[in-house]
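Before any comments, here is the structure.
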Amino acid sequence: MRLLYIEDDAMLRDSVSKGLQHEGYTVDAVGDGRSGLQAMTTHAYDLLLLDLGLPRIDGNAVLAALRQRGDTIPVLILTARDAIADCVRSLNAGADDYLVKPFDLQELAARVQALLRRRAGRADALVRHGALELNTTTHAVTLGGAGVALSAREFAVLQALLERPGAILSVPQLEEKIYGWGDEIGSNTVEVYIHGLRKKLGAGLIGNVRGVGYMMSPPQ
Ligand code: CA
């Protein structure tokens, strides 16, 4: 899951980004509204974390611009206590939730999870595919009830495929989900993660459409 975080307080931006990366998210962070809107035209994000008081296009204007161009990305507002009135305005303008600073990282992570679940049309944290179960909160994966240890990136690839059952995801689409701006992308790495997943979960689990990409095989 790839998140964009727009926050002009550099210390907060760094610590929250690191915390969310630790939770297994790919996080891109920028310090002003214009850079944020730009980033969203070139990358596909699963969720936006948005500060309201921002230089070069403030948070509410970013939100308005997004919704105006038909972007339905879930938006979580992170704001100072004295900006509650602005926050209510944001909710009315299409934001999905808000948190008041200073916030607890665990609460932030839980709200991000809840928004992503709702986005995927699920009421709980479990994604099921035949005998395979993936817990998006704890990152536990079981196959026929037995635990399977995946690396963070194997998990990210599997989650991306499971979130879009029946869809074929191209290698660039999968890379979007697992690499942020600072990350170096080696050659064939998505293929390496797919190979690891097949080895651990069964060779037939993930299908390959030559020249197009990968998809989950129908559950057995
Ligand atoms: Ca600010």
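The values are calculated or read from the model by the stated rules, or taken from the named source; none is laboratory data. Remember, predicted model here, so these are calculated numbers, not experimental data. So basically every Cβ, Gly included, is an ideal-geometry build from the backbone, and we count neighbours across all protein chains shown. The accessibility values were calculated without ligands, DNA or RNA, using every heavy atom of the protein model including side chains. Shrake-Rupley method; radii C 1.70, N 1.55, O 1.52, S 1.80 Å.
Please identify every one of the chymotrypsin sites (Phe, Trp or Tyr not before Pro) in the range 136-205 that sits in a loop by DSSP and has no more than 15 other beta carbons within 10 Å of its own beta carbon.
Answer by residue number: W181.
In the chain, once you exclude exposed trypsin sites (Lys or Arg not before Pro) (DSSP loop, at most 11 other Cβ within 10 angstrom), what's the longest stretch remaining?
70-209
Would you please report the Å³ per residue occupied by the convex hull of the alpha carbon atoms in the range 2-120?
Each residue corresponds to 92 Å³ of Cα convex hull volume.
Treating only the Cα positions of the chain as identical point scatterers, give the base-10 log of I(q)/I(0) from the Debye formula at each q in 0.07, 0.11, 0.14 Å⁻¹.
Values, matching the q order: -0.23, -0.56, -0.88.
Need one number: % antiparallel among DSSP beta bridges in the chain, to the nearest 5.
45 percent
Using only DSSP helix segments of four residues or longer, with each worth -39500 (n - 2.57), what per-residue ellipticity at 222 nm results for the chain after dividing by its residue count and rounding to 500?
Taking each H run of at least 4 residues, the total per residue is -12500 deg cm²/dmol.
Would you mind pulling out the separation of the Cα centroids of the range 94-129 and the range 54-78, in Å?
Here the answer is 18 Å between Cα centres.
Using amide H atoms built in the peptide plane, which far-off residues or other-chain residues are under 5 Å from A29 H to H?
Under 5 Å from the amide H of A29 lie the amide H atoms of Y5, each far enough along the sequence or on another chain.
Local charge sum around D28 (other residues, Cβ-Cβ under 14 Å, Lys/Arg +1, Asp/Glu -1)?
Result for the neighbourhood of D28: -3.
Ordering I57, I6, I185 by how much accessible area each has at a 1.4 Å probe, largest first, what is the list?
Ranked from most to least accessible, the order is I185, I57, I6.
Counting other Cβ atoms within 10 Å of each Cβ, which GluC sites (Glu not before Pro) in the range 156-210 have at most 12 and sit in a DSSP loop?
E184
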